[in-house]
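Since every read-out is calculated from the coordinates, none of them should be taken as a lab result. Since the structure is predicted, the reported quantities are computational estimates derived from the model, not experimental observations. We place every Cβ from the backbone using ideal geometry, glycine too, and count neighbours over all the protein chains shown.
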Number of protein chains: 2
Amino acid sequence: MSPLRADAARNRELLLAAAADEFDEHGLDASVADIARRAGVGKGTVFRHFPTKGELISAIVRSRVEELNAVAERLLTAADPGAALVEFVETAARRQQERDLSFLRGATTPIDAQQRMAALVDRLVDRAREHGAVRADVTGTDVLLLLCAPNHVVSYAPDASPDLWRRYLAIILDGLRPEGAHPLPAPPPAPLTG
Amino acid sequence: MSPLRADAARNRELLLAAAADEFDEHGLDASVADIARRAGVGKGTVFRHFPTKGELISAIVRSRVEELNAVAERLLTAADPGAALVEFVETAARRQQERDLSFLRGATTPIDAQQRMAALVDRLVDRAREHGAVRADVTGTDVLLLLCAPNHVVSYAPDASPDLWRRYLAIILDGLRPEGAHPLPAPPPAPLTG
DNA sequence: CGACAAACGGACCGGGCGGTCAACTTGTTA
DNA sequence: TAACAAGTTGACCGCCCGGTCCGTTTGTCG
C-alpha cells in the first residue's frame, strides 16, 4: 500500500466533497457522471478511487459517522448527562444526519464506525436514564432510530423554515422524558447490526 | 366521457392492485413493466389507463387518502376528541400511510383529497386541543407531518417486529400531550399546499 | 533530466428505464 | 351477426445509468 500521489490525494478530496454536495441536492440518485463533472475530473477517475458507487457512498457515511462519534465521545464525560444526550441528538439532526443514515440501506460495506456509534449512543442514553433525564423504557437503539425522524418529517414541507427540524426534535425529546410517559405498546428493537 | 368497457374496467382495477403491491415491495422505483406483468396485461395497457407513471402513482395516493378521509370524518363526531385523534393517527400509521405520503413528492398532479385531509386533521387536532388532550402549541399541520415518522423510523430496522411502529408512535404521542411539554423552539410551519 | 509507474479522461458497452405505435383482438350495440 | 370503436399487445425508441478500457498525461525519484 504505497502512499497516494499528490494529485490523486487532491482529487480524492474533491470527489468526496462533490459527491456529498450532489447527494445532498439530488439524493442517492445523483449520477456518477454529475459528481465527476462537479469535481472537475473524468468519470474514470471516480471509479479509480471508489470501485463502485456504493463504496463512494460508504466513504461519505463513514466520515460523517466518525465526526459524530467524536462528538459523542466528548459528551460522555459531560457534567449533565441529560443535557449531553440532548446536545448529541441536536448535533446529529443539525448535520442532516438523516441523509447519511439513509445511505445505510444502500451501503454494501458494513461500516464498523456505525457499530461504534451504536455503542456510544447506548452509553449516552444509559447515563441520561440513570440521571432521570430519559424515561426508563427507552433504549439507545430507540434514540438511534429516532435521530433521523426530524429531518425526514421536515422533508415533506418543502418551503419551510430551515429550523423546522428543531420543532419536531423538541416534540420527540418531550416524548422521551419520564414526565407524563405512558407505557410503550411494543418491545424495544434488537440492536442494529449493520 | 363514455363509460369504460367491461374488460378495461377490470384491467384498471388489476393494475391499481398490482401497482400498489409492487410499490410496497420495491418502492417508487418499481418498473412499469413489472407492474404490467404482475397484473397480467401488456405494458401498453398501463399507459392507456395512466398516461404517465406519475399519474398511476397519484391514482393510488388519491384512493388511500380518501380512505383515510372517511375515517377522519367518522372520528370528527366521536365522543372523546383525544381518543379520536389517537385513533386516526394510529390508523394512518397502521396502513403504512408513510409510503403513500412519500408518493406526495413525485406526484405531478396536485391531489385535492390531500387538501381535504389537511382540513380534517386540523379539525381533529382543534377538538383534541380544546379537550386538553393535545398541547396548546401544536397544529394540525404538525400532526400531518408527524404521521409518517413512525413507519419511516422503523424502516431503518430491517428485521424488526412489524409492530415496532407502535412504539415510536407512542413516544411521539407522549410528546404531543400537554403533560411535561417544554416550549417549542421554532414556529409552526405554514399549511401544506399541494 | 529521463524513465517508469501511477493516475487520468472520455469514448464505449450492456442493460433497464419510461414511453410510443401500428397491427391485432374483443366488447358493444343496432 | 355484422361492423365499428374501444382496448390490448409487445416490439421498438431514445435516454441515461453504472462500470470498463486503453491511449494519454503527469507526478515521482534515481
Fraction in percent of alpha-carbon pairs per bin - 20 Å, the protein assembly as shown | 25, 53, 21, 1
Among the lysines, select those whose C-alpha is under 17 Å from the C-alpha of B:Lys53, and discard any that sit fewer than 8 residues away in the same chain.
-> B:Lys43
Using the number of other C-beta atoms within 10 angstrom as an exposure proxy, rank B:Leu15, B:Leu76 with the fewest first.
-> B:Leu76, B:Leu15
Give the Rg (one decimal place) followed by the Dmax (whole number) of chain A, computed from C-alpha coordinates and expressed in Å.
-> 18.8, 59
For a label point 7 Å from the Cα of A:Ser161 along Cα→C-beta, name the residues of segment B:117-138 whose backbone N is under 20 Å from it.
-> B:135-138
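Where nothing but the Cβ of Lys and Arg (+1) and of Asp and Glu (-1) is charged, how large is the charge dipole of the protein assembly as shown around its Cα centre, in debye to the nearest 20?
On the way: 46 positive and 54 negative charges, 200 e Å.
Dipole magnitude for the protein assembly as shown comes out near 960 debye.
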What net charge is computed for the residues neighbouring B:Pro185, neighbours being all others with C-beta under 15 Å from the C-beta of B:Pro185, Lys and Arg scored +1, Asp and Glu -1?
-> -2
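In debye, nearest 20: dipole of segment B:58-194 around its Cα centre with unit charges on the Cβ of K, R (+) and D, E (-)?
My answer is approximately 200 debye.
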Along the positive direction of the dipole of the protein assembly as shown (beta-carbon charges: Lys, Arg +1; Asp, Glu -1; about the Cα centre), which of B:Pro185, B:Ile57, B:Ala79 reaches farthest?
-> B:Ile57
Given Cα pairs under 8 Å that are at least 6 residues apart, what percent is the relative contact order of chain A?
-> 19
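In the neighborhood of A:Leu124, defined by Cβ-to-Cβ distances under 13 Å, what is the net charge if each Lys or Arg adds +1 and each Asp or Glu adds -1?
Values: positive: A:Arg74, A:Arg116, A:Arg123, A:Arg127, A:Arg129; negative: A:Glu73, A:Asp80, A:Glu87, A:Glu90, A:Asp122, A:Asp126, A:Glu130, A:Asp142.
Local charge sum for A:Leu124: -3.
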Shape call for segment B:1-51, from the Cα gyration tensor axes a ≥ b ≥ c (a/c under 1.5 means rounded, otherwise prolate when a/b beats b/c, else oblate), comes out prolate
Label point 7 Å beyond Cα along the C-beta direction, distances from A:Asp24 to other copies (nm, shortest first) | 3.8
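Over segment B:124-194, what is the relative contact order in percent, taking alpha-carbon pairs closer than 8 angstrom and at least six residues apart? Please report the intermediate quantities before stating the final value.
Values: 46 pairs, mean separation 29.8, N = 71.
Here the relative contact order equals 42 percent.
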Given a cut-off of under 8 Å on Cα pairs at least six residues apart, what relative contact order in percent is computed for segment B:1-58?
-> 29
Give me the distance in nm between label points sitting 7 Å out from Cα along the Cα-to-Cβ direction at B:Glu55 and B:Thr91, one decimal.
-> 3.1
Per-residue ellipticity at 222 nm attributable to helices in chain B (runs of n ≥ 4 DSSP H, -39500 (n - 2.57) apiece, nearest 500 deg cm²/dmol) works out to -21000 deg cm²/dmol
